[in-house]
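In what follows, a structure is listed as structure tokens, so that the remarks can point back to it.
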Amino acid sequence: MALSAQAQLPVTIVPAQFSLDDSITITFNARLGNAGLLNETGNVFLFAGLITETSQHQGDWRYGVPGQWNNYPLSTKLTRIDSNTYFIRILPRA
């Protein structure tokens, strides 16, 4: 799987190319993008999903993992690096 990023995107993924067998680190910079979480003082959680050809609208995410909106498992909590930068490490499936 490969991901291309532009400078204004708030998320970086290392390594940029990875497989299901790789550990990846996702870093979120709240200063970039729409800055919707700029200076957030609470916890920040990862929620990911896909928009597919069967999605009915932009908010109709499929394969959302893990959890649901407003019900975040502790395993999806990002670690704060500084006031506006966070990271999470995702390990390969055992």
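The values are calculated or read from the model by the stated rules, or taken from the named source; none is laboratory data. Just so it is clear, the model here is predicted, and its values are computed rather than measured. Cβ coordinates were reconstructed from backbone atoms using ideal geometry, including for glycine residues, and neighbour counts include every protein chain displayed.
For region 29-52, taking the residues that are without any contact (Cβ under 8 Å) to a residue 24 or more places away in the chain and among the β-branched types (Val, Ile, Thr), the one that is nearest to residue 90 (Cα to Cα) is identified as 51.
Of the residues making up region 66-94, those that are surrounded by 12 or more Cβ atoms within 10 Å (Cβ to Cβ) and aliphatic (A, V, I, L, M) are 78, 81, 88, 90.
Among the residues of region 1-53, those identified as at pLDDT below 90 and among the β-branched types (Val, Ile, Thr) are 51, 52.
Annotation: of all residues in region 54-94 being part of a strand (DSSP E or B) and of a type in the set (D, E, K, R), the one that is modelled with the lowest pLDDT is 62. So the check is Cβ under 8 Å with 6+ separation or different chains; which pairs have a first residue in region 73-94 that's farther than 16 Å from residue 10 by Cβ and a second one that's among the polar types (S, T, N, Q)? What qualifies is 77/43; 89/23; 89/25; 90/23; 90/25; 91/23; 92/23.
Residues in region 25-53 that are more than 19 Å from residue 12 (Cβ to Cβ) and part of a loop (DSSP other than H, G, I, E, B): 39, 41, 42, 43, 51, 52, 53.
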